[in-house]
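**Student:** The structure under discussion is supplied below as structure tokens; questions concerning it will follow.
The values are calculated or read from the model by the stated rules, or taken from the named source; none is laboratory data. Please read these numbers as outputs of a predicted model, since none were measured by experiment. Here the Cβ positions follow ideal geometry from the backbone for every residue, glycine too, while neighbour counts run over all protein chains shown. For accessibility, only protein heavy atoms count, side chains too; no ligands or nucleic acids. Shrake-Rupley method; radii C 1.70, N 1.55, O 1.52, S 1.80 Å.
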Amino acid sequence: MLHIGCHLSNSKGYLAMGKEALRIGADTFAFFTRNPRGGSVKPLDVEDMKALVNLLEENHFSKLVAHAPYTYNLCSDKENTREFAHRAMKEDLERMEYLPGNYYNFHPGSHMKQGLEAGIEMISEALNDILWEDMHTTVLLETMAGKGTEVGRPFEEIESIIEKVNIKDHIGVCLDTCHIHDAGYDDVNALDEVMDEFDRVIGLDRLKAVHINDSKNPLGSHKDRHEKIGEGYIGLEAFRKIVNHPAFSGLPFILETPQESNDGYAEEIKLLRSFVK
Ligand code: FE
Ligand code: FE
Ligand code: ZN
């Protein structure tokens, strides 16, 4: 079975997200751990989180893929921005312990012209500070489109970060189909080769989740503008291959396409499930 869901709003709480996921035919989902732009966080509601854990178990959900806010930048050139990301990520992961066994995905960061090596160093140092030995969440580095000074466009950059992290049991990768496409990896015509390269550089055992998005821009554009499934430069036929590709077998797929309402996601979920051979 294809494990698939979409990004949901956390505004009505955790249990509400689980119910909404069921309504739209999802068996996984993503959510922001706090306000994606501002960074403010709601008071912890442990009962609500426990209620979601029960719902997920009863309905045989796959792992969830929580998303860190876009404002986090562990390799910013501003010390207070780095410190905020550091503190907030630690706090997010402490909260994730109430939803044990799931994923927490984040954008590696932008080095702001301090240089790639400095960026990689800061990100991995921060992770070494943030992760702890017996945590119950796996932290995922997202593959990036390479906009501006983003770290994590070539697979090698993701690997360089992982290599410097001490606690490797709790680290993995989330592959975004729009981002790798915009990064220049041809997931339309050469998916096998792209995934062979992922395996060679990072290792497929590190791949834990997929963000499944079409792209508004052509291959290698370094743009990162998501499009609805089948309406962009990746196209329906490529998605038919993606959902059936052995490299992604059993992984949670998360839609982050520009939809007006969750009913749009329900349609995409139905469509992608119909592709499964
Ligand atoms: Fe993301
Ligand atoms: Fe993504
Ligand atoms: Zn994106």
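**Student:** Out of all the residues in the range 185-205, is one or more outside any helix (DSSP H, G or I), within 14 Å of ligand 2 (Cβ to nearest atom), crowded, with 21+ Cβ neighbours inside 10 Å and on the phi < 0 side of the Ramachandran plot?
**Tutor:** Kept after step one, since they are outside any helix (DSSP H, G or I), are these residues of the range 185-205: 185-190, 202-203.
Within this subset, residues satisfying the condition of being within 14 Å of ligand 2 (Cβ to nearest atom) are 187.
Those still in the list that are crowded, with 21+ Cβ neighbours inside 10 Å too: 187.
Going one step further and asking which of them are on the phi < 0 side of the Ramachandran plot, we end up with 187.
Yes: the range 185-205 contains one or more residues that are outside any helix (DSSP H, G or I), within 14 Å of ligand 2 (Cβ to nearest atom), crowded, with 21+ Cβ neighbours inside 10 Å and on the phi < 0 side of the Ramachandran plot.
**Student:** Look at G25 and say whether it is modelled with pLDDT under 95 and either in contact with a strand residue (DSSP E or B) (Cβ under 9 Å, 6 or more places away or on another chain) or closer than 29 Å to S110 by Cβ (or both).
**Tutor:** Details: modelled with pLDDT under 95: no; either in contact with a strand residue (DSSP E or B) (Cβ under 9 Å, 6 or more places away or on another chain) or closer than 29 Å to S110 by Cβ (or both): yes.
No, not satisfied.
**Student:** Being away from ligand 1 (no atom under 16 Å from the Cβ) and farther than 30 Å from K90 by Cβ, is that true of even one residue in the range 159-174? Quick ask: steps written out before the conclusion?
**Tutor:** So in the range 159-174, the residues away from ligand 1 (no atom under 16 Å from the Cβ) come out as 159-160, 162-171.
From what is left, the residues that are farther than 30 Å from K90 by Cβ are none.
Scanning the range 159-174 turns up no residue that is away from ligand 1 (no atom under 16 Å from the Cβ) and farther than 30 Å from K90 by Cβ.
**Student:** Still on this structure: Of the residues Y70, Y104, which single one is modelled with pLDDT of 95 or more and of a type in the set (S, T, Y)? I'd like the intermediate steps shown before the answer.
**Tutor:** Details: Y70 fails: modelled with pLDDT of 95 or more.
After ruling out the rest, the residue left standing is Y104.
**Student:** Whether any residue in the range 217-238 is part of a helix (DSSP H, G or I) and within 18 Å of the chain's Cα centre (by Cα) is what I want to check.
**Tutor:** Taking the range 217-238 as the starting set, the residues that turn out to be part of a helix (DSSP H, G or I) are 236-238.
Still in the running and within 18 Å of the chain's Cα centre (by Cα): none.
No, because not a single residue in the range 217-238 is part of a helix (DSSP H, G or I) and within 18 Å of the chain's Cα centre (by Cα).
**Student:** Of all residues in the range 133-184, which are aliphatic (A, V, I, L, M), within 14 Å of ligand 2 (Cβ to nearest atom) and under 12 Å from the mean Cα position of the chain (by Cα)? First the steps, then the outcome.
**Tutor:** To start, the set of residues in the range 133-184 that are aliphatic (A, V, I, L, M) comprises 135, 139-141, 144-145, 151, 158, 161-162, 165, 167, 171, 173, 175, 180, 183.
Filter again for within 14 Å of ligand 2 (Cβ to nearest atom), leaving 140-141, 144-145, 158, 173, 175, 180, 183.
Scanning the range 133-184 gives L140, L141, M144, V173, L175.
**Student:** Also, quick follow-up: Taking the conditions exactly as written (more than 16 Å from ligand 1 (Cβ to nearest atom), touching an Asp or Glu at 6+ places or on another chain (Cβ under 9 Å), in contact (Cβ under 8 Å) with a residue 24 or more places away in the chain and not hydroxyl-bearing (S, T, Y)), does L219 satisfy them or not?
**Tutor:** Values: more than 16 Å from ligand 1 (Cβ to nearest atom): yes; touching an Asp or Glu at 6+ places or on another chain (Cβ under 9 Å): yes; in contact (Cβ under 8 Å) with a residue 24 or more places away in the chain: yes; not hydroxyl-bearing (S, T, Y): yes.
So L219 fits the description; yes.
**Student:** From the residues in the range 147-159 that are out of contact with any Gly (no Cβ under 7 Å at 6 or more places or on another chain) and part of a helix (DSSP H, G or I), which one is nearest to R206 (Cα to Cα)? Spell out how you get there, then give the answer.
**Tutor:** In the first step, residues of the range 147-159 are kept if they are out of contact with any Gly (no Cβ under 7 Å at 6 or more places or on another chain); the result is 147-150, 152, 154-157, 159.
Subsequent filtering for residues that are part of a helix (DSSP H, G or I) retains 155-157, 159.
Numbers: F155: 12, E156: 13, E157: 14, E159: 10 Å.
My answer is E159.
**Student:** A follow-up question, please. Write out, first by first residue and then by second, each pair whose Cβ atoms fall under 8 Å of each other, whose residues are 6+ apart or on separate chains, and whose first residue, in the range 83-108, is surrounded by 17 or more Cβ atoms within 10 Å (Cβ to Cβ) while the second is among the basic types (K, R) and not in a helix (DSSP H, G or I).
**Tutor:** From residues that are surrounded by 17 or more Cβ atoms within 10 Å (Cβ to Cβ), the pairs are A88/R34; D92/R34; N102/K63; Y103/K63; Y103/K208.
**Student:** Identify, from the list K50, K42, the residue that is touching a Lys or Arg at 6+ places or on another chain (Cβ under 9 Å) and either at pLDDT below 95 or open to solvent by 60 Å² or more (accessible area, probe 1.4 Å) (or both). Talk me through it step by step, then tell me what you get.
**Tutor:** Numbers: K50 fails: touching a Lys or Arg at 6+ places or on another chain (Cβ under 9 Å).
Selected residue: K42, the only one of K50, K42 that is touching a Lys or Arg at 6+ places or on another chain (Cβ under 9 Å) and either at pLDDT below 95 or open to solvent by 60 Å² or more (accessible area, probe 1.4 Å) (or both).
**Student:** Would you check which residues across the range 119-160 are among the small types (G, A, S) and touching an Asp or Glu at 6+ places or on another chain (Cβ under 9 Å) and list them?
**Tutor:** Once the filter is applied, which keeps residues that are among the small types (G, A, S) and touching an Asp or Glu at 6+ places or on another chain (Cβ under 9 Å), the range 119-160 yields G119, S124, A145, G146, G152, S160.
**Student:** Another question, then. Just one of A145, A209 is modelled with pLDDT of 95 or more, crowded, with 16+ Cβ neighbours inside 10 Å and within 13 Å of ligand 3 (Cβ to nearest atom); which is it?
**Tutor:** After applying the criteria, what remains is A145.
**Student:** Looking at S110, S62, S76, which is the one that is of a type in the set (G, A, S) and within 16 Å of ligand 2 (Cβ to nearest atom)?
**Tutor:** Numbers: S62 fails: within 16 Å of ligand 2 (Cβ to nearest atom); S76 fails: within 16 Å of ligand 2 (Cβ to nearest atom).
Within the list S110, S62, S76, the selection yields S110.
**Student:** Scanning the range 160-184 for residues that are in a helix (DSSP H, G or I) and among the acidic types (D, E), which turns out nearest to T143 (Cα to Cα)? Full working, then the answer.
**Tutor:** Taking the range 160-184 first, the residues in a helix (DSSP H, G or I) are 160-164, 168-170, 177-183.
Now restrict to residues that are among the acidic types (D, E): 163, 169, 182.
Values: E163: 16, D169: 19, D182: 11 Å.
For the range 160-184, the residue satisfying everything is D182.
**Student:** Here is a further query. Name every residue in the range 225-276 that is among the acidic types (D, E), within 16 Å of ligand 2 (Cβ to nearest atom) and open to solvent by 20 Å² or more (accessible area, probe 1.4 Å), in order of residue number. Even if it seems obvious, please write down each step before you answer.
**Tutor:** Step one: of the range 225-276, the residues among the acidic types (D, E) are 227, 231, 237, 256, 260, 263, 267-268.
Going one step further and asking which of them are within 16 Å of ligand 2 (Cβ to nearest atom), we end up with 227, 256, 268.
Selection gives E227, E256.
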